[in-house]
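For reference, the structure is listed below as structure tokens.
Readers should treat all values here as calculations from the given coordinates under stated rules, not as data from a laboratory. Worth saying up front: this structure is predicted, and the values here are computed from it rather than measured. Don't worry about glycine lacking a Cβ; one is built from the backbone with ideal geometry, like all the others, and counts go over all protein chains shown.
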Amino acid sequence: MAFTEILSLFYTSLAISLPTFGWVVLGLVLARAGVLSRSLNDRISNLSFRFGLPVMLFAGAAQVDYRAMDNAVYLLAGVLTAMLVLGLSWVWSRWRGHSLPQQGIFVQAAFRSNLAIIGLALAVAAYGDKAAPLAALPVAVMTVLYNVLAVWVLNVTHGAETGIGRVALGIVRNPLVLGISAGMALSLSPLQTPGLLEPLGRGLSAFFLPLMLVCIGGSMDLSRLYRADVFAWEASAWRLVVSPTLGVLLALLMGVRGEALGVLFLLLATPMAVSAYVMVVAARGDGVLAANITVLSTLLSIVTITAGFFLLSLLGLVGELQVR
């Protein structure tokens, strides 16, 4: 491959990651300038989470042909990756001598990615209108899986008394899960999918995904970086390097290639989800440590996602891009 082609692939990778994280930086700047207050940020996040993203994911899920069995392969790879990373990171954390509560934070940071917002935004930036149908099912299934695994991990390591009934109720009420489930039901029903759904999903993704990314930036506190210790760096390395690497290798062994592999990588390579921090605080764990990992992994992911996607593009594994 000629140097100019390699350079072109690198610029394409930058064109996917930098604009996406540019919205996060914009939110950070607006918050520090006092334009985006915490209360306004919370209201916008709530509107996007309860309306914009569910409707967008509904539109994407309704366009998927679930009767085609090959749709399940990359999803299975994502599920197996989460389980594998949980087990390996737990063994690693115990070997490193972390306390039991620290093990819970480390393990959750290792397997729980921000796939519903940052991952989805990256996928849309890379593949355009193809992204939502490809990402809808993994986002739904893995959101449920992440929540169940996180509750189990925190019950074991923090003694949090969260019963399975409460977890199930929270999952059933999750707007993202509801939106995707409704889209799946429509796709599987004999009803014809309305032609309006595709432009609706495209318009909502163009509006709400940047808005949510701005809100993530607005909620970040960079002062936490000064308190980030070796533990936070190590947990971020598992989240950004170990987990997506294992996911890609597993997917390749299962025969996943093209756009499906690219979307799976972008979903798995994202920083630790903010909801992971929320659950640690709810379990009366070390919220400062969890927040440090969230901020650090978010900033480092700009580099790791760009490098990882560039490498996969260089190897010709991620299909045809439709960079916006």
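If you take Rg/Rh (Cα atoms, Kirkwood Rh) from the coordinates, which of [x] 1.09; [y] 0.95; [z] 1.00 do you get?
[y]
Counting pairs of alpha carbon atoms under 8 Å apart in space and at least six apart in sequence, what relative contact order in percent does the chain give? Mind showing how you got there, number by number?
Details: 481 pairs, mean separation 110.4, N = 324.
Relative contact order here is 34 percent.
Where the only charges are on Cβ atoms (+1 Lys, Arg; -1 Asp, Glu), what is the dipole of the chain about its Cα centre, to the nearest 20 debye?
Values: 18 positive and 13 negative charges, 127 e Å.
Taking the Cα centre of the chain as origin, the dipole is about 600 debye.
Among ALA150, VAL73, PHE207, which residue has its Cα positioned farthest towards the positive end of the charge dipole of the chain, with +1 placed on the Cβ of Lys and Arg, -1 on the Cβ of Asp and Glu, and the dipole taken about the Cα centre?
Of the listed residues, the answer is ALA150.
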